[in-house]
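Each remark here refers to the structure printed beneath this line.
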Amino acid sequence: MQNETTKIAFLVAIATLVFLLVPAFLILYIRSYNRHKKNHFLEKQNMQQKFESEMLQTRVEVQDQTMQSIATELHDNVGQLLSLTTLTLNSVNLDDGEKAKKKIDNSLSLVNKSIKELRELAKLLHGEQLVENGIGHAIHQEINWLNKAGTYELKVNNQLVDVQVTSPDKDLIILRLLQEIINNIIKHAQAKHIQIDSYLEKNALHLKVTDNGVGFDPNEIKAKKSGMGLNSIYKRIEMINGELALNSAPGEGTSISIEIPYP
Amino acid sequence: MRYLTPISIAEIICLIAAITIMWKDKNAFGKVITCYLAIALVTEEIAAYLAIRGIHNLWLFNIYIIFEISTILYGLYHCIRRYTNPKSIFIIGLGIIVLTYIFFLITQPFTNLNTITISVMSVIFTLYCLYYYYLLLKDENFIEIKTHAEFWWVTGVLFFYFGSTMSNIFDGLFKVRLMGFITLKFLIYILLNVILYSFWLYSFICRMKQQKLHS
């Protein structure tokens, strides 16, 4: 009987030790799980910060682009118009009434044209507001400026103007992407014809820009890692979970298709 | 010397820490724990006194477990309610324990140790502790385990009540004396109590660090 009791006592002692080990392992598991959770949280926070800083940079770049356009416009357009007005008014001979009237009428028309140009500029100054009105309007405005230069033959199919849904953060990035693509065409493509298509389909925004310029070898550009702002485009697309398809070959123009989950 | 067992020493240390740290806590949890530790120590000392005098003392523990049930249930409720509203499951748990206690009162004399209630409450407390861990893991926010007072308080409870399960189940079946009046059961309880009060002491220290951080 004594032997039996000792056996039970021994078993109870062992079982108690095992029962103490179980919570110990449980605590270790919770500790490890919690650490993973903490790392995940910090990573998420880090990504959020990165996104915000990227957003800020994009905002600055959009503003910068707007300012450049304004400067160019003031210098090349309004400035020229006003100089011409001054010249015309200076040459007015009051003794020759008929000629003077014609010249003054010409000056008036030049001043009116300048006022119109300045109004257009004022609209552009509200770069942020441009995006606030929706990405469709922002793209439309951007294309207008490109069209004014008259250098390119444009074919535009912008179906985003009447779209009701918006995503302000994404809109700003999309606008910046379009600006970057157009900049690349202006700087490098030597194109004559540009086609821009934009539409919304199945909760995805599609933007396609095609040019008939000199083209390039995408593999070579990727290998060089220099890439005419391409890296910046890829980085931004990744940031908003989008996809980019690039088709280009030397002498055969370039086509860039972007698909972004939207809104 | 029988007044000063390892259990009572652990209780004294824990009580001193509770008075200095937990009593000034704004929420009721700190005060409840301090009172409970004082009751536990007083019970331990009276039981020792009665044992020395050769007077039966199990009835005293039957009264003491009422305080134990109330305090541990309150403590666990306090910890779990941060994550969810546990009122219903605590009412069920309390109901089961009260019914078990009444069953003991009806079926056995009060001078017997209420092992059935002790076993049932151990299982219920263990389940609540595991539920707390489940909620902790499920929660999208992480905690700083090293300094999380509530986590270590619950861990102490889990170690004590889960660890004592076997002793509760086999209570009365093994009375092996290791030396003098020290039985194996007593030794196991010393170990469990030391673990419990160590965790609680650490939990109080964590709370003190939190208080300093907030002040």
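When every residue of region A:162-171 is checked against the conditions, none turns out to be closer than 20 Å to residue A:210 by Cβ and either touching a Ser or Thr at 6+ places or on another chain (Cβ under 6 Å) or open to solvent by 60 Å² or more (accessible area, probe 1.4 Å) (or both).
Among the residues in region A:52-71, are any surrounded by 14 or more Cβ atoms within 10 Å (Cβ to Cβ) and within 12 Å of chain B (Cβ to nearest Cβ)? No, every residue in region A:52-71 fails to be surrounded by 14 or more Cβ atoms within 10 Å (Cβ to Cβ) and within 12 Å of chain B (Cβ to nearest Cβ).
For the structure I just gave you, tell me whether residue B:76 is within 19 Å of residue B:159 (Cβ to Cβ), part of a helix (DSSP H, G or I) and not basic (Lys, Arg). It is true that residue B:76 is within 19 Å of residue B:159 (Cβ to Cβ), part of a helix (DSSP H, G or I) and not basic (Lys, Arg).
Filtering B:137, B:94 for residues that are at pLDDT below 95 and surrounded by fewer than 21 Cβ atoms within 10 Å (Cβ to Cβ) leaves a single hit, B:137. Test residue B:103 against the stated conditions and say whether it is over 22 Å from residue B:27 (Cβ atoms) and either without any contact (Cβ under 8 Å) to a residue 24 or more places away in the chain or not aliphatic (A, V, I, L, M) (or both). When the stated conditions are applied, residue B:103 passes them. Filter region B:107-137 down to the residues that are free of Cβ contacts under 8 Å to residues at least 24 places away in the same chain and not in a helix (DSSP H, G or I), then identify the one that is nearest to the other protein chains (Cβ to nearest Cβ). Step by step, filter region B:107-137, then rank; the result is B:108. Applying the set (1) open to solvent by 100 Å² or more (accessible area, probe 1.4 Å); (2) within 14 Å of chain B (Cβ to nearest Cβ) to residue A:47 leaves exactly one unmet item: (2).
Is it the case, given these coordinates, that residue B:155 is facing another protein chain (nearest Cβ under 10 Å), surrounded by 19 or more Cβ atoms within 10 Å (Cβ to Cβ) and touching a residue at least 40 places away in the same chain (Cβ under 8 Å)?
In short, yes.
Look at residue B:51 and say whether it is of a type in the set (A, V, I, L, M) and either open to solvent by 60 Å² or more (accessible area, probe 1.4 Å) or without any contact (Cβ under 8 Å) to a residue 40 or more places away in the chain (or both). Criteria not met by residue B:51. Here the condition is being surrounded by 15 or more Cβ atoms within 10 Å (Cβ to Cβ), of a type in the set (Gly, Ala, Ser) and in a helix (DSSP H, G or I); of B:88, B:70, B:8, it holds for B:8 alone. Of the helices (runs of 4 or more DSSP H) lying entirely inside region A:86-181, those carrying at least 3 residues that are within 21 Å of residue A:203 (Cβ to Cβ) are A:135-149.
For every residue, the table says whether it meets (1) at pLDDT below 85; (2) buried (at least 16 other Cβ atoms within 10 Å of the Cβ); (3) not aromatic (Phe, Trp, Tyr).
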residue	(1), (2), (3)
A:153	no, no, yes
A:156	no, no, yes
A:174	no, yes, yes
A:181	no, yes, yes
A:201	no, no, yes
A:207	no, yes, yes
A:211	no, yes, yes
A:234	yes, no, no
A:257	no, no, yes
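Going through region A:11-43 one residue at a time, which ones are within 40 Å of the chain's Cα centre (by Cα) and at the interface with chain B (Cβ under 7 Å from one of its Cβ atoms)? Answer for region A:11-43, where residues must be within 40 Å of the chain's Cα centre (by Cα) and at the interface with chain B (Cβ under 7 Å from one of its Cβ atoms): A:33, A:34, A:37, A:38, A:41.
None of B:113, B:213, B:191, B:187 is farther than 25 Å from residue A:8 by Cα, among the hydrophobic types (A, V, I, L, M, F, W, C) and open to solvent by 30 Å² or more (accessible area, probe 1.4 Å) except B:213. Residues of region B:56-67 that are open to solvent by 10 Å² or more (accessible area, probe 1.4 Å), in a helix (DSSP H, G or I) and under 13 Å from residue B:44 (Cα atoms): B:58, B:59, B:60, B:61, B:63, B:64.
The values are calculated or read from the model by the stated rules, or taken from the named source; none is laboratory data. These numbers were taken from a predicted model, which means no experiment stands behind them. Cβ coordinates were reconstructed from backbone atoms using ideal geometry, including for glycine residues, and neighbour counts include every protein chain displayed. Each accessible area value is taken on the protein alone, full model and side chains, heavy atoms only, with ligands, DNA and RNA left out. Shrake-Rupley method; radii C 1.70, N 1.55, O 1.52, S 1.80 Å.
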